[in-house]
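Input: a single structure, listed below in structure tokens.
The values are calculated or read from the model by the stated rules, or taken from the named source; none is laboratory data. What you see is a predicted model, and the numbers here were worked out from it, not measured in a lab. Cβ: placed from backbone, ideal geometry, glycine included. Neighbour counts: every protein chain shown. What goes into the accessible areas is simple: the full protein's heavy atoms, side chains included, and nothing from ligands, DNA or RNA. Shrake-Rupley method; radii C 1.70, N 1.55, O 1.52, S 1.80 Å.
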Amino acid sequence: MSFLRTTAMLLCLGFFAASAHAYTTVSFSRPWALATKPGQKNGAAYMELEASEAAVVTKLESPQAKAVEVHSMTEDKGVMKMRKLDRLDLPARTSVKLQPGGLHLMLIGLKKPMKAGDTVVVKMTIVGADKKETTMQVDVSVRETAPAN
Ligand SMILES: [Cu+2]
């Protein structure tokens, strides 16, 4: 191997190592929300999230709701109970599923009903293992029924 070629390779590796630690990336898939019924003031949104490194969703907001919270849902003596979580942990390279009957985002105080075909914007503040804060916008599509798996 020539000297030049070795140098070029080392430069590439150096760049790779530096960029790998620059950001924690979070990807999401299939964001959807269930259309609300008349008079319903709160709605639920679902999606799958996966972070490249351990990260935490610390803050959620939507221009279409007064507040957005992370809720867990558990069954207690046959009754489903929702509980507000202060944060949503995203373990490294693990798919976190927000789905009916489990973890979900609760849109509190909807400014208008969510109708099938609408898009609801949710902004997430995510803090990575490096303590860097990033915001991510998720366009949630409102549906009449859950998407097929
Ligand atoms: Cu809830």
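Quick notes
- Within-14-Å neighbourhood charge of L85 [Cβ basis; K, R +1; D, E -1]: +2
- Near M73: Cβ cut-off under 12 Å, other residues only, Lys/Arg at +1 and Asp/Glu at -1. The net charge is +1.
- Protein heavy-atom accessible surface, 1.4 Å probe, per residue over the range 80-120: 63 Å².
- Heavy-atom accessible surface of the range 24-143: percent carbon and sulfur, 1.4 Å: 52 percent
- Where trypsin sites (Lys or Arg not before Pro) fall in DSSP loop in the range 51-149, at most 13 other Cβ within 10 Å: K77, R87, R93, K111, K115, K131, K132
- The range 24-143 - Debye-derived log10 I(q)/I(0), Cα point model, q = 0.14, 0.17, 0.18 Å⁻¹: -0.57, -0.82, -0.92
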